[in-house]
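The values are calculated or read from the model by the stated rules, or taken from the named source; none is laboratory data. Treat the numbers as computed from the prediction; the structure is a model and nothing was measured. Positions of Cβ are generated from backbone atoms using ideal geometry, with glycine treated the same way; all protein chains shown enter the neighbour counts. These accessible areas exclude ligands, DNA and RNA; they are computed on the full protein's heavy atoms, side chains included. Shrake-Rupley method; radii C 1.70, N 1.55, O 1.52, S 1.80 Å.
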Amino acid sequence: MAARPLPKYTVPSLTPEEGAKVAGILQERLHALNDLQLTLKHIHWNVVGPHFIAVHEMLDPQVDAVRAMVDATAERIATLGVSPQGTPGALVAARSWEDYSLGRASTIAHLGALDEVYVGVITAHREAATATEELDDVTNDLLVGHLHELELFHWFVRAHLESTRGDLSTEGASTEKGAARKAEEAATGQP
């Protein structure tokens, strides 16, 4: 992403440079959260098979919560004196991850892929929280609050992928399709 000019103002106790740095960190999170809410809705529309309604209905509250995170993140960027970039083109140009890779698929395949999506979003959100810890308490608090909900939603997903022994069917997967495949294999007993 190209360097943006310093804001003419920011919140009290931060310099314009600090405000711009925090806003840059938040802009990355804004892109990731916008992508996540679209991905969740895509999954909501494309799950099929057993447990359809349970997963379909589990995702709507997650979409709503992530949309609220998007709004809070964009408003914090604006509060810091920077214009939040929320257009699809800006998201696609700036993202470092691939588009969600599953279309119509079983609930368990989507949950396996969504496990990987949440791992990526939560890991990057934790890094952003760490990066703002000493710089801006308010932004750090915002990100930590998001993490509380994101980790809760991740647990909801993982509960479908966990055996009674506590093993995750997606263990060792590093891609959405790989996690989907592993989840399907564990659910059906067939490779």
Set the Förster distance to 35 Å, then compute FRET efficiency between W155 and A72 from the Cβ-Cβ distance, nearest 0.05.
0.95
Taking the Cα centre of segment 1-95 as the origin, how large is its charge dipole in debye, to the nearest 20, when only Lys and Arg (+1) and Asp and Glu (-1) carry charge on their Cβ atoms?
280 debye
Dipole of segment 1-139, positive end: most advanced residue of L91, T79, A23 [Cβ charges, Cα centre]
L91
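Report, in debye and to the nearest 20, how large the dipole of segment 16-189 comes out about its Cα centre when Lys and Arg carry +1 and Asp and Glu carry -1 on their Cβ.
Values: 13 positive and 27 negative charges, 125 e Å.
About 600 debye.
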What's the carbon and sulfur percent of the chain's accessible surface, probe 1.4 angstrom, rounded to a whole number?
55 percent
Select from V11, V63, V82 the residue whose mean-square fluctuation is largest in a Gaussian network model of the chain (Cα-Cα springs shorter than 10 Å).
V11
Just the projected area, averaged over all directions, of the convex hull on the alpha carbon atoms of segment 16-189: how many nm²?
10.1 nm²
Judged on accessible area alone, 1.4 Å probe, highest first, R126, R76, R165, R4 line up as R165, R126, R4, R76
Computed over the chain: longest principal axis from alpha-carbon atoms vs helix 137-161 long axis, angle to nearest 10 degrees, is 10 degrees
Could you list log10 I(q)/I(0) for segment 1-78 at q = 0.12, 0.13, 0.25 Å⁻¹, which the Debye formula gives when each Cα is one point scatterer?
-0.47, -0.52, -1.08
Can you find, among F153, L168, A186, the residue farthest towards the positive end of the dipole of segment 125-191? Put +1 on the C-beta of Lys and Arg, -1 on that of Asp and Glu.
A186
Counting only heavy atoms of the protein chains, get the accessible area per residue of segment 16-189 (1.4 Å probe) and round it to a whole Å² value.
49 Å²
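Using per-residue counts of other Cβ atoms within 10 Å, averaged over each peptide, order 110-119, 141-150 from highest down.
Result, highest mean Cβ count within 10 Å first: 110-119, 141-150.
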Convex hull over the alpha-carbon atoms of segment 57-148: what's its volume per residue in Å³?
118 Å³
Hey, what angle do you get for helix 16-46 against the long axis of the chain, alpha-carbon based, 0 to 90 degrees rounded to 10?
20 degrees
How large is the helix-only mean residue ellipticity at 222 nm for the chain, computed as the sum of -39500 (n - 2.57) over DSSP H runs with n ≥ 4, divided by its residue count, in deg cm²/dmol to the nearest 500?
-23500 deg cm²/dmol
Nearest 10, in degrees from 0 to 90: the angle of helix 176-188 to the longest Cα principal axis of the chain is 30 degrees
